[in-house]
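Encoded as structure tokens, the structure appears first; notes follow it.
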Amino acid sequence: MADCNGLQDILSKIAEDVAERSNTQVAADAFDAYWQCLKPLAKPYVRDGFLEKDKALPRFLSETATLHLAVSLIPQWCTAHGFGHAEDFWSIHHEARFFSWYETPQPLLSSIRTWATAHSEIDDVLQAMVLAAENSLVGLRRRSLGEFFTPTKIAQHLVSLAGCDLLTLSRHTVADPACGNGNLLAAVVANTVQAVASGLVDPDVAIADLGRHVYGFDIQPIAVLLTRLQLLLVSLPILRDSRLRDQNIYEVLSFPYIQLRDPLSSPESFWDLFAPFDIIVGNPPFLKAVKRQMPSVANYEEILAGQPNLYQLFLWWAIRATRTGGRIAFLVPQSIRAGQYLRRLRQQITQTCEITAITSFADRTGVFDSVDQQVMIVALRKSAATSHESPIAVRVSANGQSLGNLPTLNVPQHQLVRAQDDAPVWCVSSERTDYAIMARVCDGQRVLKNAKEFKILNGGFVWNQHKENLRSVEMEGSLPLVSSASLGVHQFVFPPSDQRVRERLFVHSGPPLAEPIYENRTVLLKRTTPQKLQGRRVVAATLPDAFLIKYPCYFVENHVNLICMSEADTHEQCLLGLAAWLNSRLANFIFGMMNGSSHLSKFELELMPAPKPMLAELGNIASSLPDCSATERHEVMALIDKFTFEFFGLSPDECRRIAQVVPLPG
């Protein structure tokens with residue numbers, strides 16, 4: 001195991017030296033050239049002032065230190081193993097010109113040699129490279145580009161789902177359109193190294209394949225250089241038995257198709273009839289984009305439905321750039337499963353591809369360092385005629401651990417990809433019982449979108465846009481502002497106990513505000529599910545009589561969705577029944593199968609089954625809930641669960657499964 005702490009100390013010293021030398025004219029000229037190169041590539045996508053010069057400079061200096069550490073390590077490895085030599089990196093790789101202004105001093109080079117002598121195995125050097133790449137970005141606005149490098153185990157699993165094997169690069173061209181530090185491509189190249197070691201491929205042929213069949217793109221010079229270096233290090237064992245073993249490794253293993261370019265901005269040369277790739281893998285940036293800033297946005301109109309995210313553009317790019325019969329495997333947020341803005345992308349995937357595998361990561365944290373995001377790997381096969389007959393291999397992991405030992409459930413396409421009015425929804429589980437429950441509850445039922453007696457809205461009041469109107473106490477001319485802090489499962493408390501909202505309990509409404517004012521009883525729902533409510537996705541409450549008597553009119557924050565009655569003859573009992581259904585364990589189970597994120601949108605609510613006879617009966621059962629004690633409330637909720645299980649004809653095993661997944665509220 002590499003002493004990463006020791007290497008981190010060396011990197012810190014190099015970084016300090018780089019900073020001390022950064023006031024020179026040569027450093028200023030190098031940074032200006034770097035910034036002028038990066039600016040047009042990144043400008044359409046970045047945020048948070050990433051391209052402001054005073055914020056870009058620390059990142060540039062950190063990247064300089066990282067790259068010099070990596071380049072200083074490689075000759076030591078060659079010396080230790082007695083073949084090849086590493087010279088002229090800075091002149092061979094065009095993008096290195098931005099960082100060649102610095103020269104590592106001899107005392108630090110001596111420290112690097114000492115470390116490399118103690119850690120001469122290739123795995124140690126690779127581990128050091130990954131550490132260096134990560135440290136070039138930590139704390140330096142990496143969220144501005146939505147960039148988080150793929151952990152090695154997840155990278156290996158992803159490329160296996162893409163169908164990569166030992167002979168992949170002998171037969172196929174592989175690409176990563178947002179290559180980062182090259183972890184995904186490194187996992188592909190590692191298969192070729194193993195093929196050479198096993199005698200399946202001649203080493204000289206393998207080296208030629210690496211130069212012809214490995215493509216990677218990124219808009220950052222440091223990413224392109226680190227990818228080439230990591231692929232070089234992975235490939236070095238091939239040189240042992242090669243006729244090229246004594247040549248300059250930077251020339252022999254140059255990886256010319258790892259390129260500094262924005263593939264999204266000029267997709268035509270890669271798409272459809274020109275599609276050059278057999279396999280595309282990716283962990284693209286998870287970053288909202290501004291549509292009007294995007295180059296070539298017209299090329300993506302068919303998959304855009306509202307706020308675009310870079311990962312959906314990269315996935316569509318990959319589908320269009322893959323040959324018929326080719327494979328795509330991407331790491332993406334779970335919001336792709338049912339998100340409103342992703343519905344047109346899901347439609348296009350259904351029309352152009354078959355899903356071959358999904359690995360879902362259940363935990364929001366622990367998959368990436370410092371990232372709170374539920375993610376999944378989706379693997380696709382591009383097909384001219386999509387029969388959707390092949391089953392989908394589904395796996396579920398907590399946080400990416402033990403991926404090689406996960407049980408696999410083969411799920412028919414029609415069970416996982418459920419047709420809806422506007423777009424398919426992906427229902428993901430590794431338990432076969434869950435798909436039977438979905439079919440029993442959802443097939444043939446009216447959905448909330450078609451329930452004309454109800455209207456789903458967003459509260460709409462954005463409090464930080466009206467700070468001058470906010471009040472902590474009721475005053476003449478003010479109305480209450482309902483926030484998510486007031487909501488629990490069948491519970492509504494105003495004012496809430498959460499101190500964070502105590503300064504915005506009321507809104508002074510004069511002069512009149514454009515935000516909607518609500519009257520009468522509504523069902524209120526949290527838009528984001530708290531992490532502590534594991535298994536429960538919906539938190540809903542109806543406004544009690546006491547609140548409505550005291551406050552006939554009120555505002556509702558945009559972090560709250562609400563459902564009101566849209567027809568005058570709709571009885572309030574139906575509204576109570578709807579709240580009872582949405583809070584039930586069965587409805588939470590169904591919503592969790594469809595929804596892969598912690599957010600609850602109007603679009604996703606509209607997909608929920610809502611049989612009218614059931615809502616009427618539930619209204620009768622739930623009528624006493626507003627006045628119940630905590631003990632009585634749990635008893636009524638148990639009756640609601642029992643009724644919903646019986647209404648849909650669930651078996652005892654199915655009822656137990658729901659109870660296992662969705663806990664009772666506290």
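The values are calculated or read from the model by the stated rules, or taken from the named source; none is laboratory data. Note that the coordinates shown come from a computational prediction; the quantities given were computed from them, not determined experimentally. Quick reminder, even Gly has a Cβ in these numbers, built from the backbone with ideal geometry, and neighbours come from all protein chains shown. Areas reflect the complete protein model, heavy atoms only, side chains present, ligands, DNA and RNA absent. Shrake-Rupley method; radii C 1.70, N 1.55, O 1.52, S 1.80 Å.
Of 61, 7, 73, which residue is of a type in the set (A, V, I, L, M), in contact (Cβ under 8 Å) with a residue 40 or more places away in the chain, under 21 Å from residue 227 (Cβ atoms) and open to solvent by 20 Å² or more (accessible area, probe 1.4 Å)? Show your work before the answer.
On the way: 7 fails: open to solvent by 20 Å² or more (accessible area, probe 1.4 Å); 73 fails: open to solvent by 20 Å² or more (accessible area, probe 1.4 Å).
None of the others qualify; the one that does is 61.
Could you list, in sequence order, all residues of region 15-71 that are at pLDDT 90 or above, assigned to a loop (DSSP other than H, G, I, E, B) and in contact with a helix residue (DSSP H, G or I) (Cβ under 9 Å, 6 or more places away or on another chain)?
22
Condition check: of a type outside the set (D, E, K, R) and more than 26 Å from residue 335 (Cα to Cα). Does residue 596 satisfy that? Step through it out loud before you land on a result.
Working: of a type outside the set (D, E, K, R): yes; more than 26 Å from residue 335 (Cα to Cα): no.
Spelling it out, it is not the case that residue 596 is of a type outside the set (D, E, K, R) and more than 26 Å from residue 335 (Cα to Cα).
If you check residue 501 against the conditions, is it modelled with pLDDT of 95 or more and surrounded by 18 or more Cβ atoms within 10 Å (Cβ to Cβ)?
Details: modelled with pLDDT of 95 or more: no; surrounded by 18 or more Cβ atoms within 10 Å (Cβ to Cβ): yes.
Against the criterion (modelled with pLDDT of 95 or more and surrounded by 18 or more Cβ atoms within 10 Å (Cβ to Cβ)), residue 501 does not qualify.
Which condition from (1) in contact with a Ser or Thr (Cβ under 9 Å, 6 or more places away or on another chain); (2) open to solvent by 50 Å² or more (accessible area, probe 1.4 Å); (3) modelled with pLDDT under 95 is the one that residue 399 breaks?
(2)
Okay, residues lined up against (1) at pLDDT 95 or above; (2) β-branched (Val, Ile, Thr); (3) under 36 Å from the mean Cα position of the chain (by Cα):
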| residue | (1), (2), (3) |
| --- | --- |
| 524 | yes, no, yes |
| 530 | no, no, yes |
| 538 | no, yes, yes |
| 543 | no, no, yes |
| 559 | no, no, yes |
| 564 | no, no, yes |
| 574 | no, no, no |
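Conditions first: (1) farther than 24 Å from residue 252 by Cα; (2) assigned to a loop (DSSP other than H, G, I, E, B). Residue 120 passes all but one, so which condition is the exception?
Exception for residue 120: condition (1).
Can you pull out the residues in region 579-624 that are open to solvent by 10 Å² or more (accessible area, probe 1.4 Å) and in contact with a strand residue (DSSP E or B) (Cβ under 8 Å, 6 or more places away or on another chain)?
Across region 579-624, the qualifying residues are 597, 598, 599, 601, 602, 606, 607.
Take residue 35 and tell me if it is aromatic (Phe, Trp, Tyr), open to solvent by 40 Å² or more (accessible area, probe 1.4 Å) and free of Cβ contacts under 8 Å to residues at least 40 places away in the same chain.
Criteria not met by residue 35.
Do we find that residue 554 is on the phi < 0 side of the Ramachandran plot, free of Cβ contacts under 8 Å to residues at least 60 places away in the same chain and surrounded by 15 or more Cβ atoms within 10 Å (Cβ to Cβ) in this structure?
Taking the combined requirement at face value, the residue does not satisfy it.
Could you look through region 342-368, keep only residues that are modelled with pLDDT of 90 or more and of a type in the set (Ser, Thr, Tyr), and pick out the one that is farthest from residue 407 (Cα to Cα)?
It comes out as 352.
Is it true that residue 428 is open to solvent by less than 60 Å² (accessible area, probe 1.4 Å) and outside any loop (DSSP other than H, G, I, E, B)?
Answer is no for this residue.
Could you check, for region 534-544, whether at least one of its residues is out of contact with any helix residue (DSSP H, G or I) (no Cβ under 9 Å at 6 or more places or on another chain) and either closer than 23 Å to residue 662 by Cβ or surrounded by fewer than 21 Cβ atoms within 10 Å (Cβ to Cβ) (or both)?
The answer is yes, given that some residue of region 534-544 is out of contact with any helix residue (DSSP H, G or I) (no Cβ under 9 Å at 6 or more places or on another chain) and either closer than 23 Å to residue 662 by Cβ or surrounded by fewer than 21 Cβ atoms within 10 Å (Cβ to Cβ) (or both).
Are any residues in region 164-208 among the acidic types (Asp, Glu), surrounded by fewer than 22 Cβ atoms within 10 Å (Cβ to Cβ) and touching a residue at least 24 places away in the same chain (Cβ under 8 Å), and if so, which ones?
Let us first name the residues in region 164-208 that are among the acidic types (Asp, Glu), namely 165, 176, 202, 204.
From the residues that got through so far, the ones that are surrounded by fewer than 22 Cβ atoms within 10 Å (Cβ to Cβ) too are 165, 202, 204.
165, 204 - these are the residues of region 164-208 that are among the acidic types (Asp, Glu), surrounded by fewer than 22 Cβ atoms within 10 Å (Cβ to Cβ) and touching a residue at least 24 places away in the same chain (Cβ under 8 Å).
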